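Read the structure below first, then the notes.
The values are calculated or read from the model by the stated rules, or taken from the named source; none is laboratory data. The structure presented is a predicted model; accordingly, all values stated were derived computationally and were not measured. Positions of Cβ are backbone-derived with ideal geometry, glycine not excepted, and every protein chain shown enters the neighbour counts. Just the protein is used for accessible areas: all its heavy atoms, side chains included, with ligands, DNA and RNA removed. Shrake-Rupley method; radii C 1.70, N 1.55, O 1.52, S 1.80 Å.
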Amino acid sequence: MKILVVGSGGREHAICWKLSQEKNVEKIYCAPGNAGIAEIAECIDIPVTELDRLADFAEENKVNLTVVGPEVPLVMGITDVFNKRGLNVFGPNKECSQLEGSKLFSKEFMVRHNIPTAKYKEYTDLEKAKSEIDSFGYPVVVKADGLAAGKGVIIAKDKKEAIEALETIMEDKKFGDAGRLVVVEEFISGVETSILALVDKNTIVAMESAKDHKKIFELEKGPNTGGMGTFSPSTIYTDELSKKVYDEVLIKSLEGFKKDNLEFRGILFVGLMITNDGVKVLEYNCRFGDPEIQSILMRLESNLSDIMMAITEDRLSEVEIKYSDEAAVCVILASGGYPENYEKNKEITGIENLDKEIVLFHSGTKLSDGKILTNGGRVLGVCARAKDVESAANKVYENIDRIKFDKVHYRKDIGRKYEQCK
Ligand code: AMP
Ligand code: GLY
C-alpha cells in the first residue's frame, strides 16, 4: 500500500522508519518531512495546515492511508476533509480532536464520565477570574483553552503570579484566540507519567509505556519542553498502575466516547498524575507523543500499518500487537536556548560516525546544498535498543557526542541515574 505521513518531526520520522520496514508498504510520502525522512520517504512540499492540498495529493497519488502526526491538522479537521472525499485517514475527527484542542471540552468530558481529574472552573471574564482565584489555593494552574504549542499552561505559585498569568492570557492575548477562555485548576502534586492508547469504535488498547522527560535540564529542572527524551518500558508504569489506569481511565474514556457519540479512531494520549489521592488525568492529546513514540516504535514488532488500517476499519480487536522484550531509549539533541529563543541553520556533522545499532530520528533538520542544517528547537533523537533501559542508555550516550552542531544541548540523565552523568 501507499502511505502519506503528515508532519515534519521526530515522531513522523519514527513512523516512516517503522513503515519502511513493512513488506506491505510499497511507497511512503511525507508532507512536508525533513532531512532524515527524505532518506526513506518522498517528501512533498505541502504544509500540514493545507488540508485540501493534502487531500488532493492523496487522491491524485492513490494513497491508501494517510497518517496524521501533529495535533494542529487534526484539530483543524483533516480527518473530516479526507473522509468526506472517501480518503482513508488515521487520526480522530475534528469533534474528537477537541479533547486536545479545548481544555474545557476535555475537562467536561472527564467530569461527565467520572474520570478522575483536578477540580477546575472556566472563565471568559478576566475580572471574575481574578476575584475567584484565591478559592483554588496556591500554587494554582492557569490554562489557555485552545492549542498553544504546548505553552498555554502556567503554574502560578502565588496570587501575584496567578493574576499575571490571567492577564497574559486573557488581556495581552499571548496565545491569541486560544486564550479567549481559560481553565483554572487546582494544583495537584505527584509523579507525572503518560500512556498512549490505540482506539477504535469498540476497543481501547494501551501501547507499551514510555517515560517522557519534559524539563530542559537534568533532575527535572528548568522550563517545560516538548520532551527531551524517553525510555520504554517506563519504570513508573507498573502492572498495578497499568490495571488501575485501564479501569479508571481508559475503559471509562471508551465508554464515554460511545455515550457521547464520539467516533474516536486513532491515538488517545493520556497525561497522568499519580497522586496520594489516586490517579488523575492532567490532559488528553489526540496523537502520538513525541518523543514517546520513538522509543515505543523501536520496540514494536507487529506492523504499524496493519494496526492503523485496522483502527480505521474498527477491527482493532482482531490484530495481534507484539513488542520486543528489550528496552529502548531516545535522547533529544536540542538547539541551545530552546525552549526559548534559539538559532537555526547550524551545520550538523558526525552523523556518519554513529555505531550501526543507533537509530537517529530527525526532528528539526533540513537539507541545504548537501549539508544537514538545524531547523528547529528539537533537532535530533538518538535512539538505541538493548536488553534493559540502562544498557540502551549507555549505547546512546557512548554515541551522542559524535554528533556535533553549534550550541547543542541534551540531557544526560535519560534512562540512567544522575550520578552516571559525566
Ligand atoms: P497539560 O498541557 O494540561 O498537560 O499541562 C502541561 C503540564 O503542566 C503538565 O505536564 C503538568 O506538568 C502541569 N500541570 C497541568 N495541570 C496541572 C495540575 N492541575 N496540577 C499540577 N500540574 C499540572
Ligand atoms: N512529549 C509530549 C507530547 O508529545 O505532548
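For the reader, a short list of remarks on this structure follows.
- For the stretch 309-422, the strands (runs of 3 or more DSSP E) that sit wholly inside it and include 3 or more residues that are of a type in the set (A, V, I, L, M) are 327-335, 378-386.
- Selection over the stretch 256-289 of residues that are modelled with pLDDT of 95 or more, away from ligand 1 (no atom under 13 Å from the Cβ), under 26 Å from Glu185 (Cβ atoms) and open to solvent by 20 Å² or more (accessible area, probe 1.4 Å) gives a count of 3.
- Just one of the listed residues (Ile163, Ile188, Ile204) is touching a helix residue (DSSP H, G or I) at 6+ places or on another chain (Cβ under 9 Å), touching a residue at least 40 places away in the same chain (Cβ under 8 Å) and among the β-branched types (Val, Ile, Thr), namely Ile204.
- The residues of the stretch 220-233 that are surrounded by fewer than 23 Cβ atoms within 10 Å (Cβ to Cβ) and either away from ligand 1 (no atom under 15 Å from the Cβ) or within 21 Å of Ser317 (Cα to Cα) (or both) amount to a single one, Pro233.
- Here the stretch 179-197 is the region considered, the condition is being open to solvent by less than 40 Å² (accessible area, probe 1.4 Å) and more than 16 Å from ligand 2 (Cβ to nearest atom), and the residue that is modelled with the lowest pLDDT is Gly179.
- Within the stretch 198-211, being part of a loop (DSSP other than H, G, I, E, B) and more than 16 Å from ligand 2 (Cβ to nearest atom) holds for Asp200, Lys201, Asn202, Thr203.
- Within the stretch 270-278, one or more residues are of a type outside the set (Asp, Glu), within 13 Å of ligand 2 (Cβ to nearest atom) and either under 23 Å from Ser305 (Cα atoms) or without any contact (Cβ under 8 Å) to a residue 40 or more places away in the chain (or both).
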